[in-house]
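Peer 1: Please find one structure pasted underneath; my questions will follow.
Just so it is clear, none of the values below were taken in a lab; they were calculated from the coordinates. Everything numeric in this text was worked out from a predicted model, so none of it was measured. Methodologically, a virtual Cβ is constructed for each residue, glycine included, from the backbone with ideal geometry; neighbour enumeration extends over all protein chains shown.
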Amino acid sequence: MAHEIIMPALGMAQETGRLVAWLKNEGDTVRKGEPLMEVETDKSTMEVEAPKDGFLVNITALANTDVPVGEVVAHIVEHLEDAPAKLVKASPLALEQEAITAQEPQHQASNQADADTNVRVAEPAINPPTAHNKAKFLASPKLRSLAASENLDLQVLRNAGHPEPFKAADMTTLRQLSIRPNISLRNNATSLVDKTSFNIFLSEINSASQMTVSSELVLASFISASLRVTTNADNIGISYKSGPELQSTMYYNPDKQQLADIAPAEHDILAMAEICDLTSTDFIQLSGDTNSNIIVTISNFTEQFMVTLDWDPNALSQIEALELLRDFSTRIKSPLKQLL
Amino acid sequence: MREITFGAAVNEAIAEEMRLDERIIVLGEDVAEAGTPFKVLSGLVEEFGTQRIIDTPISEPGFTGIAVGAAMTGLRPIVDLMFGDFLFLIMDQLCNQAAKTHYMSGGKLNVPMVLRTNMGATRRSAAQHSQSLHALVAHIPGLKVAMPSSAYEAKGLMKTAIRDNNPVVIFEDKLMYNDKAEVPEEEYLINFGEAEILHTGSDITLVATSSMVQQAEIAAKTLAKQNISAEVIDPRTISPLDETTIINSVKKTSHAIVIDEGHQNYGITAEIAARISEKAFYYLDAPVQRFGAMDVPVPFSPALEDLTVPTAQQIHERAISVLEGKI
Amino acid sequence: MTDKKDNRESYLQMFKQMVRIRAFEEQANQLYLSAKMPGLTHMYVGQEAVAVGICEALTPNDKITSTHRGHGHCVAKGADFKQMFCELLGKEEGYCRGKGGSMHIADQANGNLGANAIVGGSAGIATGAALSAKQLGSNEVSVCFFGDGALGQGLLYETMNMAALWKLPVIYACENNLYGEYTKVEEMAAGDLMARATGFGIESFEVDGQDVLAVNNLTQELVERARKGHGPFFILLNTYRYYGHHVGDINREYYRSKEEEMLWRKERDPITNFTQLLVEKKISTPEELKSIEREIETEAEEAVHYALDAAWPDASEVDMHVFASN
């Protein structure tokens, strides 16, 4: 799945932007947030950052050229073999890079495991944060203090082409620009899942083991497994809200543990997904103020589970999201198969 | 409350203190019968006699040096330096001798003297009779500097100065001697190192000295009509300086202009602005402004002289520029 | 004329004081040459009779101001060796807690308002002290010591003018050691030296600065008159410094001949000549005088060692005494 990198619109009346320089090369590993290229607006020079982890491919715009706003200039892919070379006009640069890439054996891996290995091996080649990466803003000390106290990033103002120096009065704009995307900009999908087999499974496990295995642990384990399959992530943190008060518990790689052994995470970890388990309540739907990219809501719907997946399209593509939902639903429907 | 002139307030302060303490004498040119050209000391020689109100020859270093020696040996002299510009003549006696004696003697010798002089341009007195040189004095460790901005401060600060066991230089704006203000009949002193907030405000801080306080007040009133609330602060003494009041104010308003009649370069405005930048940095929403007199010798021509000194209107304009982010 | 017996005490006192000055200065010079003294200092050796002759006519409450060449005046006005050496070395026990040093040494308890690094800089202070004396009716006099070099400073004339106008009890004592720093006095002071004071109507006197008795007798007379309000007065004392302008001024033949120096040392030495007089007048014997000298030299040596071992002022003192408390 290739993610498009476009020439951003930075000023009000801008038709084109000048691509000043590429900061990464064709085929380089990039991390989310890493600067990819420098573009010049009519006011200043700014860096465009990678929106996700992956490999930078299909660079089609050259340095020191004017590019129409909105035009695709490159892609980021998870696996190098996914580079959609056919979709974009090939620049001499891209073709050259592709030729080199094709020759390297590590890029010809075909199964997941090797791909995973590649991803892991590629990790060390990251640019350490250097001084120039911390873009210098012209801002009054007061504005800086206010922004820092609310944990807001001045880059947001710069990205929006807001004129510098920034002053205290710009806090309003900064706050507005920093608000996470509305849920309405997110996507969601809902499915109904038969829980008969699930309930049987649960009662059998509980009579077999000495410990009590709650449905929470099983569902946490299943969602973790599904995430792993869908996104190939290594370390999966799950924030699980359950109970009548929707109390939150953190689980870390629950699918890698024996069901009976699953315990809440000891340290604070970054949750990859949030599970909102409404089954102890009378609610079937709940959406709200949350930072999570992936939210799975489970509620009771007559004899079934209603499972809603809510996701940030920047975090998951639709294909991935549907795969995740499908996989999770399958596990619930046929729990025994998972143990094999 | 009664209102008296600035000059009368100074006169009262000196007379009252001289009645309380026999050791106080006044030395200077034309201080006795003439009561000084500004008539501020009129009447003193009649009350205290020529032994204590002493007319000197035109020998500024001489009589300043004599005052230093007298102060070291039991008297409490007030030296009258007719024009602040003459400070340059007496710098050795003031800065090498008076300022340093207590320190150089390891605390064993004191110099309890007051140097009374003036400042302020726009009197058409030209370059050598119009300077405001208080920054030069404030720069020297061992000297205290007071700058009364009205008759009320003039009396209170003069009394404190006379009672202080250290050399104190008081700069009076020579154009203010006839300005009236409310001055209590009862005795009062104004402590050194205590600024006065004339006007509280929340949008911008105006720190002003001497006659600039009035100008800042007028500017503040104009700003108020535009719904801008300015806080006007009069430090009253620049050495010691009440930093705390100024800093707390700027922390509140995030904007500051410092107005003083000394030259802008290397002067009071620079010092106070630097301290604000040091101690209120993270609260500033605009650069701190210095607003001093132009860095030119004071011109004689009326068409030119008034251009060199900050006015209320200019202060007002500067404040607007600061708040609108134009600076 | 007073009885020789009474004079014996005061004569011996004058002898001791001159020897004390010389012993102190020789030690100070050694401190400098052996690189143990911070900064520079200015030797008074050769001029002892001036300081002693004058100060012996004063009480501890009478005030003096001194010059950069001030150790002589300081000792003559009753200062203690240990505290003086401590001050020269910048130690805490010094007269000024180490904060003044050689050029600003002051002994407030003995009426020494301080040496001054500005040539002629203390003329105002001495005159002001006289103003205080007159104003407070204390009967005190003050003596302003200065050198021939200070005759170039305007302040001196301003203050003499005012002292004359107000009849202040101050004695201006000009120690003419023939050189202002490295320049002969004739090249620095035009016209008549005494006329400078007589021009103001100030009674002026000239005296051989190497003759301690002559200096002392004249001063006693003038001090008495000054106390009665007949001042001010001006004394021109002709004298000579054996060493250079300051301790580092060692190769000085370019401005002063060795012959001239030898002449003054041999024939005009105040201590040698006074010794002779004391012996001739049978006031003392060479042995007694020698023994006094040795005693004083020992005292000086011990004081130096004391000062070298003495404590430095604590760092916290650096910003103390900028202002007096109220």
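Peer 1: Using the Kirkwood radius over C-alpha pairs as Rh, can you work out the diffusion coefficient of the protein assembly as shown via Stokes-Einstein at 10 °C, viscosity 1.306 mPa s, in µm² per second?
Peer 2: Result for D is 43 µm²/s.
Peer 1: Right, something else. Give the average, rounded to an integer, of partner chain Cβ atoms located within 10 angstrom of each Cβ in B:91-104.
Peer 2: That works out to 5 on average.
Peer 1: Counting each DSSP H run of 4 or more residues in chain C as -39500 (n - 2.57), what helix-only mean residue ellipticity at 222 nm follows after dividing by all residues, to the nearest 500 deg cm²/dmol?
Peer 2: -14000 deg cm²/dmol
Peer 1: Among B:LYS100, B:LYS108, B:LYS221, which one moves the most in a GNM of chain B with springs linking Cα atoms closer than 10 Å?
Peer 2: Among B:LYS100, B:LYS108, B:LYS221, the largest GNM mean-square fluctuation belongs to B:LYS108.
Peer 1: Taking R0 as 41 Å, what's the FRET efficiency between C:ALA214 and C:GLU302 from their Cβ-Cβ distance, rounded to 0.05?
Peer 2: Result of the calculation: an efficiency of 0.75.
Peer 1: Need one word for chain C: rounded, prolate or oblate. Basis is the Cα gyration tensor (sqrt eigenvalues a ≥ b ≥ c); a/c below 1.5 gives rounded, then a/b vs b/c decides.
Peer 2: Taking the square roots of the gyration eigenvalues as a ≥ b ≥ c, chain C is rounded.
Peer 1: Given a 10 angstrom Cα cut-off, can you work out which residue in B:PRO148, B:PRO167, B:PRO57 is the most mobile in a GNM of chain B?
Peer 2: Maximum fluctuation in the GNM of chain B, among the listed residues, is at B:PRO57.
Peer 1: Moving on to the next point. Between rounded, prolate and oblate, where does segment B:1-50 land on the alpha carbon gyration tensor, with a ≥ b ≥ c its root eigenvalues, rounded for a/c under 1.5, else prolate if a/b exceeds b/c?
Peer 2: Oblate is the answer for segment B:1-50, as a/c is 1.5 or above yet b/c matches or exceeds a/b.
Peer 1: Something else now. Given charges of +1 on the Cβ of Lys and Arg and -1 on the Cβ of Asp and Glu, with all other atoms neutral, how large is the dipole of segment B:202-327 about its Cα centre, in debye to the nearest 20?
Peer 2: 320 debye
Peer 1: Lysines within cross-link reach of B:LYS221: Cα-Cα under 23 Å, excluding same-chain residues under 8 positions apart?
Peer 2: B:LYS180, B:LYS251, B:LYS252, B:LYS326
Peer 1: OK, next. Take the Cα of A:ALA263, step 7 Å along the line toward its Cβ, and report every residue of segment A:196-212 whose backbone nitrogen sits under 16 Å from that point.
Peer 2: Hits in segment A:196-212 for A:ALA263 at 16 Å: A:211-212.
Peer 1: Would you mind working out the magnitude of the charge dipole of segment C:8-308 relative to its Cα centre, with +1 at each Lys and Arg C-beta and -1 at each Asp and Glu C-beta, to the nearest 20 Debye?
Peer 2: With Lys and Arg at +1 and Asp and Glu at -1, about 580 debye.
Peer 1: Among C:HIS230, C:HIS68, C:HIS305, which one shows the biggest mean-square fluctuation in a GNM of chain C, springs joining Cα atoms closer than 10 Å?
Peer 2: Of C:HIS230, C:HIS68, C:HIS305, the most mobile in the Gaussian network model is C:HIS305.
Peer 1: If you don't mind, there's one more thing I want to ask. Could you sort the peptides B:60-72, C:76-88 by per-residue average Cβ neighbour count (10 Å cutoff), highest mean leading?
Peer 2: Listed from highest to lowest mean packing, they are B:60-72, C:76-88.
Peer 1: I want to make sure I understand the PRE zone here: with the label point 7 angstrom from the Cα of A:SER248 toward its beta carbon, which residues in segment A:289-322 have backbone N atoms less than 15 Å away?
Peer 2: The answer is A:289-296.
Peer 1: Arrange the following residues from fewest to most other Cβ atoms within 10 Å of their Cβ: A:LYS337, B:LYS251.
Peer 2: A:LYS337, B:LYS251
Peer 1: Just checking the output field for B:16-26: average partner chain Cβ neighbours within 10 Å of each residue's Cβ?
Peer 2: Counting Cβ atoms of other protein chains within 10 Å of each residue's Cβ and averaging gives 1.
Peer 1: How would A:LYS241, C:LYS36 line up from fewest to most surrounding beta-carbon atoms within 10 angstrom?
Peer 2: Exposure proxy ranking, most exposed first: C:LYS36, A:LYS241.
Peer 1: Please compute the Cα-Cα pair-distance distribution of segment C:37-113 with 5 Å bins starting at 0, giving whole percents from short to long.
Peer 2: In whole percents, the pair-distance histogram is 3, 19, 28, 27, 15, 6, 1.
Peer 1: When the dipole is taken about the Cα centre of segment A:187-339, and only Lys, Arg (+1) and Asp, Glu (-1) are charged at their Cβ, what size is it in debye, to the nearest 20?
Peer 2: Here the size comes out at about 440 debye.
Peer 1: Based on the alpha carbons, how large is the Rg to Rh ratio for chain B when Rh follows Kirkwood?
Peer 2: Across chain B, the Cα-based Rg/Rh ratio is 0.98.
Peer 1: Take peptide B:280-286, look around each residue's Cβ out to 10 angstrom, count Cβ atoms belonging to other protein chains, and average those counts.
Peer 2: Per residue, the number of nearby Cβ atoms from other chains is 6 on average.
Peer 1: Ok, one more. Taking segment A:252-322 on its own, what percent of its Cα-Cα pair distances exceed 17 Å?
Peer 2: Of the Cα pairs, 57 percent sit more than 17 Å apart.
Peer 1: Give the lysines reachable from C:LYS167 as a straight Cα distance under 16 Å; neighbours fewer than 8 places away on the same chain don't count.
Peer 2: C:LYS134, C:LYS228
Peer 1: While we're on this one: Under 30 Å Cα-Cα from C:LYS281, which lysines qualify once same-chain neighbours fewer than 8 residues away are excluded?
Peer 2: Those lysines meeting the cut-off are C:LYS4, C:LYS5, C:LYS16, C:LYS77, C:LYS266, C:LYS290.
Peer 1: State whether segment A:187-339 is rounded, prolate or oblate according to the following rule on the C-alpha gyration tensor (a ≥ b ≥ c being the square roots of its eigenvalues): a/c under 1.5 gives rounded; otherwise a/b larger than b/c gives prolate, and the remaining case gives oblate.
Peer 2: rounded
Peer 1: Which ordering of B:SER211, A:SER334, A:SER329, C:SER316 is given by a fewest-first count of other beta-carbon atoms within 10 Å?
Peer 2: C:SER316, A:SER334, A:SER329, B:SER211
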